[in-house]
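Asker: Have a look at this one.
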Amino acid sequence: MDLITPAQRDELFNSFERDAFHLELRDDYGSPVEDTPYARWQRGEPDDYAWLAPWMTLMKRVTGDGKTVRRVRVVTEPHSQYVGWEHSLTHLNLEAGEDIRWLPRHQLPDGITFPVSGNDWWLYDDRLLAVGHFDPEGRVLGSEIVEDPDTVAECVRVRDLLWAAATPHAEYKP
């Protein structure tokens, strides 16, 4: 399986036309970019969010062009420490134009099965998937590009189902 890097995946934001959607299914992630800010948060130290600037700049540009960027975060309650940290940062994503909703695992629609082996994925314009692959510690190995129409259609169906069931960030009280 060929994997693209996170930077190559982010390049996909330069070519999509309408909508990018991210399904997040993990309660913990590992990222070299996040390691130091996350450790600071755990110690109660302030953060200047400089590490987030490239993503925020990209999101402001994309959403400023009238495109939508949405996420559903499927989370376990009570939250892992990582999800608590992620929740505390979400206001920054919203300020950059993203629309983020939360869906506790115990509220998943009955009988839901997740396509692409239950991995996270980005769906661009209902036609292209970037399926995330992770090591056992949650570190990103890369993303697999999938354009198979049946797989994409199943992800569109799951997206629509979860989006309708999830709670907007402003209303989600963990």
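Asker: Dividing the alpha-carbon radius of gyration of the stretch 20-174 by 2.2 N^0.38 Å (N being the number of residues), what value is obtained?
Answerer: This ratio for the stretch 20-174 stands at 1.03.
Asker: Let me ask something else about it. Using θ = phi - 60° and the Karplus curve 6.51 cos²θ - 1.76 cosθ + 1.60, what whole-Hz ³J(HN,Hα) does each residue of the stretch 28-36 get, with Gly and Pro shown as x?
Answerer: Running phi through 6.51 cos²θ - 1.76 cosθ + 1.60 with θ = phi - 60° gives 8, 10, x, 8, x, 5, 8, 3, 5 Hz.
Asker: Please list the non-local residues whose amide H lies under 5 Å from the amide H of A96, H modeled 1.01 Å from N, same-chain partners needing a gap of 5 or more.
Answerer: Hits under the 5 Å cutoff: none.
Asker: A further question on this structure: First measure r as the distance between the Cβ atoms of E137 and M56, then evaluate 1/(1 + (r/R0)^6) with R0 = 25 Å and state the FRET efficiency to the nearest 0.05.
Answerer: 0.45
Asker: Nearest 500 deg cm²/dmol is fine: what mean residue ellipticity at 222 nm does the chain get from its DSSP H runs of n ≥ 4 alone, each adding -39,500 (n - 2.57), divided by its residue count? Provide the component values of the computation, followed by the final result.
Answerer: On the way: 5 runs with 61 residues, N = 174.
-11000 deg cm²/dmol, from helical runs alone.
Asker: Using Cα-Cα distances under 8 Å and only pairs 6 or more residues apart, what relative contact order does the stretch 27-88 have, in percent?
Answerer: On the way: 25 pairs, mean separation 31.3, N = 62.
This gives 50 percent for the stretch 27-88.
Asker: Kindly write out, for the stretch 68-78 in residue order, the coupling ³J(HN,Hα) from the Karplus curve 6.51 cos²θ - 1.76 cosθ + 1.60 (θ = phi - 60°), rounded to whole Hz, with x marking Gly and Pro.
Answerer: 9, 10, 10, 9, 10, 9, 8, 10, 8, 10, x
Asker: Using a 1.4 angstrom probe with every protein chain in place, what is the largest-first accessible-area order of D48, D27?
Answerer: On the way: D48 120, D27 35 Å².
Correct descending sequence by accessible area is D48, D27.
Asker: For D10, D125, give the ranking by accessible area with the largest first, probe 1.4 Å. Each step should come with its number before you reach the end.
Answerer: Details: D10 40, D125 10 Å².
Heavy-atom accessible area, descending, gives D10, D125.
Asker: 5 Å is the cut-off here: which amide hydrogens, built 1.01 Å from N in the peptide plane, fall below it relative to L141, excluding neighbours closer than 5 in sequence?
Answerer: Residues meeting the amide H criterion: H133, F134, D135.
Asker: Something else now. Which one of P149, N119, S88 is farthest out on the positive end of the charge dipole of the chain, using unit charges on Cβ (Lys, Arg +1; Asp, Glu -1) and the Cα centre as origin?
Answerer: Farthest along the dipole direction, towards plus: S88.
Asker: Show me, for the stretch 45-56, the HN-Hα J-couplings you get by feeding each phi into the Karplus relation (A = 6.51, B = -1.76, C = 1.60, θ = phi - 60°), rounded to Hz, glycine and proline as x.
Answerer: Per residue, the Karplus-derived 3J(HN,Hα) values read 8, x, 10, 8, 6, 4, 5, 8, 4, x, 5, 4 Hz.
Asker: Which of rounded, prolate, oblate describes the stretch 102-174, given a ≥ b ≥ c as roots of the alpha-carbon gyration tensor eigenvalues and a/c under 1.5 marking rounded, otherwise prolate only if a/b is larger than b/c?
Answerer: Oblate, since a/c reaches 1.5 and b/c is not below a/b.
Asker: In the full protein assembly as shown, how much of T113 is accessible to a 1.4 Å probe, in Å² to the nearest 10?
Answerer: Taking all protein chains as shown, T113 has close to 90 Å².
Asker: Follow-up question, since we're still on this one. Ignoring ligands, DNA and RNA, how do R26, R157, R9 rank by accessible area with a 1.4 Å probe, largest first?
Answerer: Output order, biggest surface exposure first: R157, R26, R9.
Asker: Okay, next question. S88 accessible area, nearest 10 Å², 1.4 Å probe?
Answerer: Roughly 50 Å² of S88 is accessible to a 1.4 Å probe.
Asker: Can you give the charge dipole size of the chain about its Cα centre, rounded to the nearest 20 debye, using +1 on the beta carbon of Lys and Arg and -1 on the beta carbon of Asp and Glu?
Answerer: Once rounded to the nearest 20, the dipole reads 420 debye.
The values are calculated or read from the model by the stated rules, or taken from the named source; none is laboratory data. What you see is a predicted model, and the numbers here were worked out from it, not measured in a lab. As a convention, Cβ positions derive from the backbone with ideal geometry for all residues, glycine included, and neighbour counts pool all protein chains shown. Heavy atoms of the whole protein, side chains included, go into the accessibility calculation; ligands, DNA and RNA do not. Shrake-Rupley method; radii C 1.70, N 1.55, O 1.52, S 1.80 Å.
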